Amino acid sequence: MYGTCAKMRVKAENVESLKKVMDAQMSGDPIPGYKQSYVLTENDSDSFWLFVIFEDRASYDKNANDPAQHERFMEMRGLLEADPEWHDGMIMEG
């Protein structure tokens, strides 16, 4: 598996909107190779951690280079304080 982890700071007034945008995006057309996403809301912080999991790096890269993915990101980006801090890599099961 392969994916990304993104640390995000969501504008306080946009927390509910971000949840709605992400729910709508995930209920749309299937994304080849996509497996699952999770969001962790850090205790006593305005930081959110987004985890996105794909079957493999090839499907992740294909999605990352898809103009439709850029549109999905820009919809989400408008709700954030700044650009996310991205960390891509292999995902190990334990």
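The values are calculated or read from the model by the stated rules, or taken from the named source; none is laboratory data. Predicted, not measured: the structure shown is a model, and the values here were computed from it. Counting neighbours? That spans all protein chains shown, and the Cβs are built from the backbone with ideal geometry, glycine included. For the accessible areas, the whole protein counts, side chains as well, though only heavy atoms, and no ligand, DNA or RNA atoms are used. Shrake-Rupley method; radii C 1.70, N 1.55, O 1.52, S 1.80 Å.
For region 64-77, give me each residue that is under 15 Å from LEU50 (Cβ atoms) and open to solvent by less than 90 Å² (accessible area, probe 1.4 Å).
Of everything in region 64-77, those that are under 15 Å from LEU50 (Cβ atoms) and open to solvent by less than 90 Å² (accessible area, probe 1.4 Å) turn out to be ALA64, GLN69, ARG72, PHE73, MET76, ARG77.
Starting from region 76-87, keep only residues that are part of a loop (DSSP other than H, G, I, E, B), then list their pairs with residues that are open to solvent by less than 30 Å² (accessible area, probe 1.4 Å) whose Cβ atoms are within a distance under 8 Å, requiring at least 6 positions of separation or different chains.
That search, which allows pairs on different chains as well, returns LEU79/VAL10; LEU79/ASN14; LEU79/LEU18; LEU79/VAL21; GLU81/VAL10; PRO84/ALA6; PRO84/MET8; PRO84/LEU50.
Can you tell me how many residues in region 49-75 are in a strand (DSSP E or B) and either at pLDDT below 95 or within 10 Å of the chain's Cα centre (by Cα) (or both)?
Adding up the residues that qualify gives 5.
Being assigned to a strand (DSSP E or B) and either open to solvent by 80 Å² or more (accessible area, probe 1.4 Å) or over 15 Å from PHE73 (Cβ atoms) (or both) is the filter here; which residues of region 9-38 pass it?
ARG9, LYS35, GLN36, TYR38, listed by residue number.
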